[in-house]
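The values are calculated or read from the model by the stated rules, or taken from the named source; none is laboratory data. Computed from a predicted model, the values in this text were never measured in an experiment. Here Cβ is always computed from backbone atoms with ideal geometry, including for glycine, and neighbour counts include all displayed protein chains. For accessibility, only protein heavy atoms count, side chains too; no ligands or nucleic acids. Shrake-Rupley method; radii C 1.70, N 1.55, O 1.52, S 1.80 Å.
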Amino acid sequence: MIEIIYIPTLGRHNDQATWDNMPSFVRDITVLVVQPHEEHLHGDKPILVLPEDNYGITKTRRWIYDHAGDIEYGVFDDDLRWVDRNPGYGIEMTKEVADASWLIKKKQPMTDDDWRFYLEKTSEWLNGDFAFAGSRLGNMPPYKWHDGYYDNTSIFCAYFFNGKKLPLSSELDWSLDLAEDAHLVLQLLERGLSNRCWDKFVVLSDQFQDGGCNTFRTIHDTNRSHEQLIEKHPKYVKWSGKTKMIDGIEMKKVSVRWGQAYKEGLTSLDKFS
């Protein structure tokens, strides 16, 4: 079962969207991960305090990775909302039923029963063929909509891990200040560790709101982190040629061959054993 959910947070003590959007029984297994200077700002919410201020998101993720050890756990960004893409329908539908569901679908916030199913099924996956899992971003179109999930792809913002199946943190590269989440996912896939990503229960996130990494991150920093990601994974990450204007600055997008990283990672398993 999922034993604990970590929410690393910075500069958002008055706007804990993820916490507020989870049912009480999920909050019961959830803890905020905070820097020392914000320790006193979170009221009666359970917290874990990082070793020092200005810790950085990459060091924070590594600290959580080590703290969790070999349990099943989640790591959620602090600004999330969860929705069910096609409420009233399950997963692993026939394409005919799925077609019917999408004709009448209307995204809705996840119910308590949805959350129970979400956590129980995710744990089942983690105890099966998958080392990690997560949710698709809700602003992206559904892909495996009839299954409700698909495998060996990108995961952002909401992650689940089976610590028993993960390499030691010392065996991974934590050198990127940003794009650290994509870097971690790619490293695990390249080791032949499989993931499963929800396409029914998805997350919505306002990536550029105040707080969090936006206390220091600029669009130039994002572009630089994408360049570093390409340098770390040249076989699987390329410039897509697409851009997005944010505050008058061009953000360059990348394309990532997640599935290919996993497929080729399977042939390299002996290298990491």
* Residue that is touching a Cys at 6+ places or on another chain (Cβ under 6 Å) and either hydroxyl-bearing (Ser, Thr, Tyr) or closer than 24 Å to residue 185 by Cα (or both), where the choices are 64, 71, 57 -> 57
* Structure fact -> A careful count of residues in the range 61-73 that are of a type in the set (Val, Ile, Thr) and over 14 Å from the mean Cα position of the chain (by Cα) gives 1
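A quick yes/no check of all residues on (1) modelled with pLDDT under 95; (2) in contact with a strand residue (DSSP E or B) (Cβ under 7 Å, 6 or more places away or on another chain); (3) among the small types (Gly, Ala, Ser):
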site	(1), (2), (3)
51	no, no, no
72	no, yes, no
92	no, no, no
102	yes, no, no
112	no, no, no
* Residue in the range 232-255 that is farthest from residue 185 (Cα to Cα), counting only those that are in a loop (DSSP other than H, G, I, E, B) and touching a residue at least 24 places away in the same chain (Cβ under 8 Å) -> 247
* For the range 151-180, what are the residues that are open to solvent by 30 Å² or more (accessible area, probe 1.4 Å), within 28 Å of residue 200 (Cα to Cα) and either over 18 Å from the mean Cα position of the chain (by Cα) or of a type in the set (Val, Ile, Thr) (or both)? -> 164
* **Filtered residues of the range 36-78 (kept if farther than 22 Å from residue 161 by Cβ and either crowded, with 21+ Cβ neighbours inside 10 Å or not aliphatic (A, V, I, L, M) (or both))** => 36, 37, 38, 39, 40, 42, 43, 44, 45, 52, 53, 54
* Asked: Just one of the numbered conditions (1) aromatic (Phe, Trp, Tyr); (2) surrounded by 18 or more Cβ atoms within 10 Å (Cβ to Cβ); (3) under 19 Å from residue 72 (Cβ atoms) is not true of residue 25; which one?
  -> (2)
* Asked: For the range 95-116, which residues satisfy the criterion of being under 18 Å from the mean Cα position of the chain (by Cα) and either in a helix (DSSP H, G or I) or under 18 Å from residue 150 (Cα atoms) (or both)?
  -> 115
* Asked: If residue 193 passes every condition in (1) free of Cβ contacts under 8 Å to residues at least 60 places away in the same chain; (2) in a loop (DSSP other than H, G, I, E, B) but one, which one does it miss?
  -> (1)
* Structure fact -> Residue pairs within 7 Å by beta carbon, gap of at least six or interchain, first lying in the range 71-87 and more than 19 Å from residue 124 (Cα to Cα), second among the hydroxyl-bearing types (Ser, Thr, Tyr) and in a strand (DSSP E or B), listed first then second, are 77/205; 79/205; 80/205
* When residue 97 is evaluated against the numbered criteria (1) touching a strand residue (DSSP E or B) at 6+ places or on another chain (Cβ under 7 Å); (2) within 24 Å of residue 138 (Cβ to Cβ); (3) open to solvent by 40 Å² or more (accessible area, probe 1.4 Å), which criterion, by number, is the only one it fails? -> (1)
* Asked: Does residue 20 satisfy the condition of being in contact with a helix residue (DSSP H, G or I) (Cβ under 9 Å, 6 or more places away or on another chain) and more than 21 Å from residue 125 (Cα to Cα)?
  -> no
* Tally of residues being surrounded by 14 or more Cβ atoms within 10 Å (Cβ to Cβ) and over 20 Å from the mean Cα position of the chain (by Cα) across the range 79-94 -> 5
* To do: Please name all residue pairs, on different chains or six or more residues apart, with Cβ atoms under 6 Å, provided the first residue is in the range 116-137 and is farther than 22 Å from residue 184 by Cα and the second residue is open to solvent by less than 40 Å² (accessible area, probe 1.4 Å) and in a strand (DSSP E or B).
  => 118/201
* Unmet requirement for residue 192, which otherwise passes all of (1) at pLDDT 80 or above; (2) on the phi > 0 side of the Ramachandran plot; (3) within 16 Å of the chain's Cα centre (by Cα) -> (3)
* Here is a list of conditions, (1) touching a Gly at 6+ places or on another chain (Cβ under 6 Å); (2) part of a loop (DSSP other than H, G, I, E, B); (3) in contact (Cβ under 8 Å) with a residue 60 or more places away in the chain, and residue 155 meets all of them except one; can you say which number that is? -> (3)
